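First up is the structure itself, then whatever we jot down about it.
Every read-out reported here was derived from the displayed coordinates using simple, explicitly stated rules and does not represent laboratory data. Computed from a prediction, not measured in an experiment: that's the story for all the values here. Here the Cβ positions follow ideal geometry from the backbone for every residue, glycine too, while neighbour counts run over all protein chains shown.
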Amino acid sequence: MNEPGTALSGMERVSSASFEREAENPSGQPPAVIIVGPPWPRSGTARVIQNQIHYYRELGFFTVFIAVPFAWYFIPAAQDPREMLEGLNELGADQMFMATLDQKMYTAAKYKASVRHAFLGTALDWRVALAKGARLNDEHLHFLQSLRAVFFHVNHVYTLGFAVDLRRRLFDGLPVPIILESHDVQSQLLQEKGERNPWTRRPDRFGRLIKSEVALLEKANVLIHLSVDDFKLLQALMPSKPHYLAFPTIDENFISSVNAAAPPAESIDLLFVGQSHFANLAATKWFFDQVWPLISDRRYNLKIVGPIGSMVQRELPQLHDTFRSCFVGEVPDLIPYYRAARCVIAPMVSGSGISIKTIEALALGKPFVGTSKAFRGMPMDRLKRAGIQAHDEPQAFADAVVRALYAEREARAISLVAYNDIFSVRASSVSRTEALRAATASRQPMPLLHRLTDRAKRFVEGYKSLPRSGRS
């Protein structure tokens, strides 16, 4: 397994000009990477894409992010995309475009997909087909054609078909490498949700879904996975494909902003941050039903922040009414809440894919209490060595909360050790550099990309040789 180790963070910044001198490029243009992903601002996926953009910009790449819709519910957003574009611009790419999926394109994509799959495709094929139906305008295409794009970095299998088609349009069939970051095994998510196949009107079997997913993933040159579980499954199914494991990391500017924020007027004893998702709904119910009665007499100040509040109000109105004072709802800025938190909890009883909110709490050095599901996809052996434990029984979870709040300094230190060892920018970037080198090897006549990855490798080796006091 390609485990993350040290990284590029804190080393001399690589300027695009230095790359151009090495490549003897007369145009003076920096090399560019085209990053493709779903239009999910301020989400776990967005955090990962932000990691990618930061990494490539540190190496001197010009970065373009293209947001690609792949479902009917993106059609209304295209009519007034201002709020979505504001969130996507926070990713920090040098240039950002959003592909359009209107009703006419949606209908055409459905028709083409039905013919292509003879009405026998999977729900996963359906989403990929809709993404392929999304379009950039001529001005965007002209801009992309003017770049010295050397490879694509694609997020989620759903946007892979769009990227393959765009590569053909821009580069006339040239084998420009594609790195795909899986985020999750989408077949598992679709099966868990029981999503109906639009053609058959019933859920697909996992065997059919994973067969479709693997066939699509084969079109990528290199695969990056965010969790140990996804890495193992897809490596076993695609042993000839290069696979790399790069755990999500947290933007260092966000960490600095939380640490530098003004001290709160009132502290939050327990903080739970959640999107509107059924796994978070189940977590909230389990915590209030099973854990809270064991610690309610301590009168902890509990706050639940995020869209999960609206979901609880809709799905579990009686529970929401009982604990109304705990629900904050969606907020424009998490910084003051994290700054005020004495302990972050993640009482997850379900869910798939790696949990960004777990990593976020560790990065901020917050005492953290979570169940096994809060650590899903993570190397639990390494977490245990750092002092992290999972607590699945209500009494064990309640006891862990009390201990964390009693010994905050020790709990904060444990969180930071775990983050720095496993999830930091330093740890993540080595795997990204290895994936970049593998993409280079997939297309030999690319001297510039070879030089880029050779430079990155030298920086990693130089960073490892520095004493820890010289590292950021």
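Considering only Gln186, Thr200, Val228, the residue lying farthest towards the positive end of the dipole of segment 107-240 is Thr200, judged by Cα position with unit charges set on Cβ.
Axis of helix 394-406 versus longest Cα principal axis of the chain: the two differ by about 90°, to the nearest ten degrees. Listed peptides 140-148, 355-363, 55-63 appear in the order 355-363, 55-63, 140-148 once ranked by packing, highest mean of other Cβ atoms within 10 Å at the front. Taking a straight line from the alpha carbon of Lys384, these lysines sit under 22 Å away, with near neighbours fewer than eight places off in the same chain left out: Lys232, Lys357, Lys366, Lys373. Relative to the longest principal axis of the Cα atoms of the chain, helix 44-58 runs at roughly 50 degrees. Kirkwood-type hydrodynamic radius, the chain: 23.5 Å, calculated from all non-identical alpha-carbon pairs.
Note on the chain: antiparallel DSSP beta bridges, both residues inside, total approximately 5 percent of the bridges counted. Taking a ≥ b ≥ c as the square roots of the eigenvalues of the alpha-carbon gyration tensor, segment 167-260 is classed oblate because a/c is 1.5 or more while a/b is no larger than b/c. About the centre of its Cα atoms, the chain shows a dipole size close to 800 debye [charges on the beta carbon of Lys, Arg (+1) and Asp, Glu (-1) only; nearest 20 debye]. Here the Debye sum runs over all C-alpha atoms of segment 127-210 as equal scatterers in vacuum, and log10 of I(q)/I(0) at q = 0.11, 0.18, 0.25 Å⁻¹ comes out as -0.40, -0.85, -1.25. In this simple spin-label approximation, Tyr406 and Asp289 carry label points 7 Å from Cα along the Cα→Cβ vector, and these lie 2.9 nm apart.
Does segment 252-423 come out rounded, prolate or oblate, given a ≥ b ≥ c as the square roots of the eigenvalues of its C-alpha gyration tensor, rounded meaning a/c under 1.5 and, failing that, prolate meaning a/b above b/c? Here segment 252-423 falls in the rounded category.
Can you tell me how segment 238-338 classifies by the Cα gyration tensor, rounded, prolate or oblate, using a/c under 1.5 as the rounded cut? Taking the square roots of the gyration eigenvalues as a ≥ b ≥ c, segment 238-338 is oblate. Sorting 97-109, 336-348 by average packing, meaning the other beta carbons within 10 Å per residue, from highest down gives 336-348, 97-109.
DSSP beta bridges fully contained in segment 252-423 are about 0 percent antiparallel. Distances between every pair of Cα atoms in segment 27-129, grouped in 10 Å steps from 0 to the bin holding the largest one, split as 14, 38, 29, 16, 2 percent.
Relative to the dominant Cα principal axis of the chain, helix 447-465 is inclined by about 30°. Our helix-only sum for the chain, with -39,500 (n - 2.57) per DSSP H run of n ≥ 4 divided by its residues, gives a mean residue ellipticity at 222 nm of -14000 deg cm²/dmol. Packing around the peptides 193-201, 66-74, 244-252, 373-381, taken as the average count of other Cβ atoms within 10 Å per residue, puts them in this order, highest first: 244-252, 66-74, 373-381, 193-201.
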